[in-house]
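Report on one structure; see the data block that follows.
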Amino acid sequence: MIASTDPPPGRPGHVPRRIHLAAHFPGVNNTTVWTDPRSGSQIDFASFQHLARTAERGKFDFFFLAEGLRLRELKGRIHDLDVVGRPEALTVLAALAAVTERLGLAGTVNATFNEPYELARRLATVDHLSDGRAAWNVVTTSDAFTGENFRRGGYLDRADRYTRAAEFVRLARELWDSWQPDAIAANPEPGVFVRPDGIGTIDHQGRHFTIAGQFTLPRSPQGHPVIIQAGDSDEGREFAAATADVVFSRHGTLDEGRAFYADVKGRLARHGREPDDLKIMPAATFALGDTEEEAAENAAEIRRHQVSPQTAIAYLEQVWGRDMSAYDPEGPLPDIEPDTDGEVSQGRVRLDDRLAIAAKWRALAEERRLSIRELVIEVTGRQSFVGTPETVAGRIDAFVQAAAADGFILVPHLTPGGLDDFVDRVVPILQERGVFRAEYTGTTLRDHLGLAVPGAAA
Amino acid sequence: MTGAPLHLAVALDAAGWHPAAWRDPVARPRELFTAGYWAKLVGEAERGLIDFVTIEDALGLQSSRPDGPDGRLDLVRGRFDAVLLAARLAPLTSAIGLVPTATTTHTEPFHVAIGIATLDHVSGGRAGWRAQVSARASDAAHFGRRTFPEVTPETIGEHQGHIAGLLAEAADAVEVARRLWDSWEDDAEIRDVATGRFVDRDRLHYIDFTGSRFSVKGPSITPRPPQGQPVVTALAHARPAQEFAAGSADVVYVTPHDREQARSVVAELRSLPRAGEPLKIFADLVVFLDGDTGRAVERRTRLDELDGAEFASDAAVFAGTAEDLADLLLDWAQTGIQGYRLRPGVVPHDLKGITRGLTSALRRRGVFRDAYEADTLRGLLGLPRPAGRHRRASTS
């Protein structure tokens, strides 16, 4: 079922593009503010339930959980300044399926440290248990650091990451397709549970996987759980165009968004796909206020929480590649140059070209007379949308109408109440504009995203 | 209660443990792959004040052969991932323990450990794990990482080394899980605004496990579960598996067929090396329960006719009344059996026979609870919450 597109009020003849929204559970980086008194548990099920139910109240497309399979380290020790600790993603999603009815449930699961048969089974299980609401954000890891927690062990060559992911997803889909839609007869007389030829056989020999046998689950309600992919590189874009249903991208300017959107959507035809077969949803943060001034103040206050004095120093150390703990975070940037060979962080994205970054920062700090902490606040992660509910709704809508995105994956800064204001104040405005659903029109995540059920049209 | 309390678990699998159970008029075979089906079963078990349910699982299709598919179309085929099914049931229940099966053979010990820890978090401390090995060559072919010999009844004697290796690996997997569960001390999360620290990293510990099949560095990514250590359980028919259970599990399921076998299996288990809390010994029985014995036997016979074979099980099979079953369970309990994991022949019929008939009969005999006395699975089983292996080091 495809979501209906009612014409918007007051604009006869013009059907605006519909916005898709997802809710990212606050993660284990400094976007998540834990020093605020309203910050709740990052692990109690009640927190997951609150955020998911809030998203469902707001008629969001899906709820999103990230993953990280090793605690991050800085200077050879566990990084202790940000939120640490999270659950196994699919297990939480299965539990959330019991306390939500329509909301899509998306989990990030690593294709490097899982095997296709087992993961395809787990994803199909979530799809069955949620009546068709499961999604898988496919990520790959190449580092030996994370590999130390796994049988498979260390290193996957970077060049092999996408070939492994592509073969993994192809194989998962083969497994999901291996039971005929009507494989189960469950007919007590004359005693036919499985129809003849109802369960197909897999015999796969590929570069990364060799698998033979039969799958253990009937075809799930969505046929294939929704595939999400994040990745900005050319390879990542090509993988998304060939494979994904949703791209989880980085948020940038309107022009950057339009260029990315046109590029990725332009690749679809080569894979025999239509532009609407893939939704592009950048991550976005936000800060709201009754007035623009109040919103700006709230945004600045959130940034100060996100960049504590200790976090500012830790951030500097990642660029400088050395211990900077002797410097005053409220004081000026030190004169020393980065150690280009030093590596202080593990388990997080590396910063390239440190000397250039350091030079740029130094110029900015001198020009604006910024302390270390003020500088880090300035150069990292400003909120994507800051303003009154009206202006935030307007800018989100503008991005979608300008074909810079199909919607956004919102990343609240607070657990579990960080989405409350957005749902209470921004969503109704989007609904009034006729660009966001007032009610769910379907039951599965594919329905919400306007994606066809695989194989159903053929 | 007047006597030593008996613990009761129910083993859930498809439409029940008789192969033809799905063809019984009370069965709902078309609902097997819906959450609602399982919610009704576990709800019934919780109304009956059962200690916990187990959920069967495997990394391959059910088969009547020891290894490989049997091609039979007249039997239930297909299963959910049991850990995820248990998680789906957790918010719908509030007191009953949830003990899914998870295989140790082809899975990543890290993933299993955080999955069970997460089940404990989402259930508020009601998680267990039935750890199971997968010896089948056909299951190994689903992963393509190892080649196993095909196990047949005729050649099983030649595969003792293979089985022993899998059990040693299972012991390593449980050890990794236990170390990961303890790798966060209970008070590791400090949220100290003054120093900007969310956790005290001195209360997070690498586990540095190295075994013959895998190494795991740790710490866990998941904070310590509410129970500290979720309850680990294992089925053991004979020696190498009994050693695994005695060395690694909190609860073992055994399969005596009479009182004498119960006595000897208890004695054997108690003679095995064991550290920490004594092992809880549960006996498995398949049960067909009715108001009179004749009807129960007749029902079982009718199912046998549908299946075309007399029902056989690794566990003892009881067909009769709840009163007679209660007497049998109390009799075996004299040998040191502390609880029973009952496998209903047909659900929901025999499940209700347990939750309504048997529990009442046991209550009249003063050996079964009137209400849940604890809100964690450890609490129900009378197992203390472990302080954690690193606890003393950091507080002294």
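So A:R70 passes all but one of these: (1) over 28 Å from A:H305 (Cβ atoms); (2) in contact with a helix residue (DSSP H, G or I) (Cβ under 7 Å, 6 or more places away or on another chain). Which condition number does it fail?
(1) is the only condition that A:R70 fails.
Please enumerate the residues belonging to segment A:88-107 that are out of contact with any strand residue (DSSP E or B) (no Cβ under 8 Å at 6 or more places or on another chain), outside any helix (DSSP H, G or I) and within 7 Å of chain B (Cβ to nearest Cβ).
Within segment A:88-107, A:E88, A:A98, A:V99 qualify.
Which of the residues that make up segment A:212-250 are within 14 Å of chain B (Cβ to nearest Cβ), touching a helix residue (DSSP H, G or I) at 6+ places or on another chain (Cβ under 6 Å) and among the aliphatic types (A, V, I, L, M)?
Selection gives A:L217 alone.
Taking segment B:184-237 as the search range and keeping residues that are among the acidic types (D, E) and crowded, with 19+ Cβ neighbours inside 10 Å, which one is nearest to the other protein chains (Cβ to nearest Cβ)? First the steps, then the outcome.
First, the residues of segment B:184-237 that are among the acidic types (D, E): B:185-187, B:189, B:192, B:200, B:202, B:208.
If we keep only those that are crowded, with 19+ Cβ neighbours inside 10 Å too, we end up with B:185, B:189.
Numbers: B:E185: 12, B:E189: 7 Å.
Filtering first and then ranking leaves B:E189.
In segment B:108-137, what residues are within 9 Å of chain A (Cβ to nearest Cβ) and within 15 Å of B:L166 (Cα to Cα)?
Selection gives B:E108, B:P109.
Could you please find all residues in segment A:324-376 being within 19 Å of A:P309 (Cα to Cα) and at pLDDT below 85?
A:V344, A:S345
Give me the pairs, please: first residue somewhere in segment B:357-370 and within 17 Å of B:G382 (Cβ to Cβ), second residue anywhere and of a type in the set (S, T, Y) and surrounded by 17 or more Cβ atoms within 10 Å (Cβ to Cβ), beta-carbon distance under 9 Å, and either six or more positions apart or on two chains.
So the pair list comes out as B:F368/B:T359; B:R369/B:T359.
Out of all the residues in segment A:288-302, is one or more of a type outside the set (G, A, S), touching a strand residue (DSSP E or B) at 6+ places or on another chain (Cβ under 7 Å), within 30 Å of A:T140 (Cβ to Cβ) and not assigned by TED's automatic domain parsing to the domain that holds A:L414?
Taking every residue of segment A:288-302 in turn, none turns out to be of a type outside the set (G, A, S), touching a strand residue (DSSP E or B) at 6+ places or on another chain (Cβ under 7 Å), within 30 Å of A:T140 (Cβ to Cβ) and not assigned by TED's automatic domain parsing to the domain that holds A:L414.
May I ask you to list the residues in segment B:320-341 that are of a type outside the set (A, V, I, L, M, F, W, C) and either out of contact with any strand residue (DSSP E or B) (no Cβ under 6 Å at 6 or more places or on another chain) or surrounded by fewer than 22 Cβ atoms within 10 Å (Cβ to Cβ) (or both)? Lay out the reasoning, then the answer.
Going residue by residue through segment B:320-341, those that are of a type outside the set (A, V, I, L, M, F, W, C) are B:320-321, B:323-324, B:327, B:331, B:334-336, B:338-341.
Hits for segment B:320-341 are B:G320, B:T321, B:E323, B:D324, B:D327, B:D331, B:Q334, B:T335, B:G336, B:Q338, B:G339.
Could you tell me whether B:G3 is in contact (Cβ under 8 Å) with a residue 60 or more places away in the chain, within 19 Å of the chain's Cα centre (by Cα) and assigned to a loop (DSSP other than H, G, I, E, B)?
Answer is no for this residue.
In segment A:78-92, what residues are over 17 Å from the mean Cα position of the chain (by Cα) and aliphatic (A, V, I, L, M)?
Of everything in segment A:78-92, those that are over 17 Å from the mean Cα position of the chain (by Cα) and aliphatic (A, V, I, L, M) turn out to be A:I78, A:L81, A:V83, A:V84.
Can you give me the number of residues within segment A:138-168 that are touching a strand residue (DSSP E or B) at 6+ places or on another chain (Cβ under 6 Å) and of a type in the set (A, V, I, L, M, F, W, C)?
4
Failed condition for A:G231, given (1) surrounded by 14 or more Cβ atoms within 10 Å (Cβ to Cβ); (2) in a strand (DSSP E or B), with all others met?
All conditions are met except number (2).
In this structure, does A:V319 turn out to be farther than 26 Å from A:F286 by Cα and either outside any loop (DSSP other than H, G, I, E, B) or free of Cβ contacts under 8 Å to residues at least 24 places away in the same chain (or both)?
yes
With the requirement that a residue be touching a Pro at 6+ places or on another chain (Cβ under 8 Å) and surrounded by 14 or more Cβ atoms within 10 Å (Cβ to Cβ), what does segment B:264-285 give you?
B:V265, B:A283
Could you list, in sequence order, the residues of segment A:370-393 that are surrounded by fewer than 17 Cβ atoms within 10 Å (Cβ to Cβ) and under 16 Å from A:V427 (Cβ atoms)?
Within segment A:370-393, A:E390 is the sole residue that qualifies.
Given the structure, is A:R70 within 30 Å of A:Y315 (Cα to Cα) and either buried (at least 23 other Cβ atoms within 10 Å of the Cβ) or at the interface with chain B (Cβ under 10 Å from one of its Cβ atoms) (or both)?
Details: within 30 Å of A:Y315 (Cα to Cα): yes; either buried (at least 23 other Cβ atoms within 10 Å of the Cβ) or at the interface with chain B (Cβ under 10 Å from one of its Cβ atoms) (or both): yes.
Criteria met by A:R70.
Out of the residues in segment A:39-67 that are outside any helix (DSSP H, G or I) and within 17 Å of the chain's Cα centre (by Cα), state the one that is nearest to the other protein chains (Cβ to nearest Cβ).
A:E67
Just name the residue that is farthest from the other protein chains (Cβ to nearest Cβ) out of those in segment A:148-161 that are in contact with a helix residue (DSSP H, G or I) (Cβ under 6 Å, 6 or more places away or on another chain) and either within 11 Å of A:F215 (Cα to Cα) or surrounded by fewer than 20 Cβ atoms within 10 Å (Cβ to Cβ) (or both).
Here the residue is A:Y155.
Using beta carbons and a limit of 7 Å, which pairs, at least six apart or on different chains, have the first residue in segment A:358-379 and under 19 Å from A:D339 (Cβ atoms) and the second one hydroxyl-bearing (S, T, Y) and not in a helix (DSSP H, G or I)?
Short answer, once both residue conditions are applied: A:I372/A:Y327.
Suppose we keep only residues that are part of a loop (DSSP other than H, G, I, E, B) and farther than 24 Å from A:D131 by Cβ within segment A:417-448. Which one would you say is nearest to the chain's Cα centre (by Cα)? Reasoning before the result, please.
At the first step, the residues of segment A:417-448 found to be part of a loop (DSSP other than H, G, I, E, B) are A:417-419, A:433-444.
From the residues that got through so far, the ones that are farther than 24 Å from A:D131 by Cβ too are A:417-418, A:433-435.
Values: A:G417: 19, A:G418: 16, A:R433: 26, A:G434: 25, A:V435: 22 Å.
Filtering first and then ranking leaves A:G418.
Just to check your reading of the model, which residue among A:I302, A:I377, A:I336 is more than 14 Å from chain B (Cβ to nearest Cβ) and more than 20 Å from A:N30 (Cα to Cα)?
So the residue among A:I302, A:I377, A:I336 that is more than 14 Å from chain B (Cβ to nearest Cβ) and more than 20 Å from A:N30 (Cα to Cα) is A:I336.
Run down A:V138, A:V192, A:V126 and say which single residue is at the interface with chain B (Cβ under 9 Å from one of its Cβ atoms), among the β-branched types (V, I, T) and surrounded by 17 or more Cβ atoms within 10 Å (Cβ to Cβ).
When all the criteria are applied, what remains is A:V126.
I want to confirm something. Restricting to segment A:7-43 and keeping residues that are β-branched (V, I, T) and buried (at least 20 other Cβ atoms within 10 Å of the Cβ), which single residue is modelled with the lowest pLDDT?
A:V28
May I ask you to verify whether A:Q42 is among the polar types (S, T, N, Q) and within 28 Å of A:Y440 (Cα to Cα)?
No; evaluated as a whole, the condition is false for this residue.
Can you tell me which residue in segment B:6-44 is nearest to the other protein chains (Cβ to nearest Cβ), limited to those that are within 24 Å of A:T100 (Cβ to Cβ) and of a type in the set (G, A, S)?
Going through the qualifying residues, I end up with B:A35.
Here are A:R425, A:R433: which of them is touching a Leu at 6+ places or on another chain (Cβ under 8 Å), of a type in the set (K, R) and more than 28 Å from A:D82 (Cα to Cα)?
Numbers: A:R433 fails: touching a Leu at 6+ places or on another chain (Cβ under 8 Å).
Going through A:R425, A:R433 in turn, just one is touching a Leu at 6+ places or on another chain (Cβ under 8 Å), of a type in the set (K, R) and more than 28 Å from A:D82 (Cα to Cα): A:R425.
Determine, yes or no, whether A:A22 is in a helix (DSSP H, G or I), of a type in the set (A, V, I, L, M) and either within 19 Å of the chain's Cα centre (by Cα) or in the same structural domain as A:T108 (by TED's automatic domain parsing) (or both).
Answer is no for this residue.
Show me the helices (runs of 4 or more DSSP H) entirely contained within segment B:14-129 in which 3 or more residues are in contact with a strand residue (DSSP E or B) (Cβ under 7 Å, 6 or more places away or on another chain) and within 25 Å of B:A312 (Cα to Cα).
So the answer is none; nothing clears 3.
The values are calculated or read from the model by the stated rules, or taken from the named source; none is laboratory data. None of these values were measured; they are calculated from a predicted model. For neighbour counting, all protein chains shown are included, and Cβ atoms are generated from backbone atoms with ideal geometry for every residue, glycine included.
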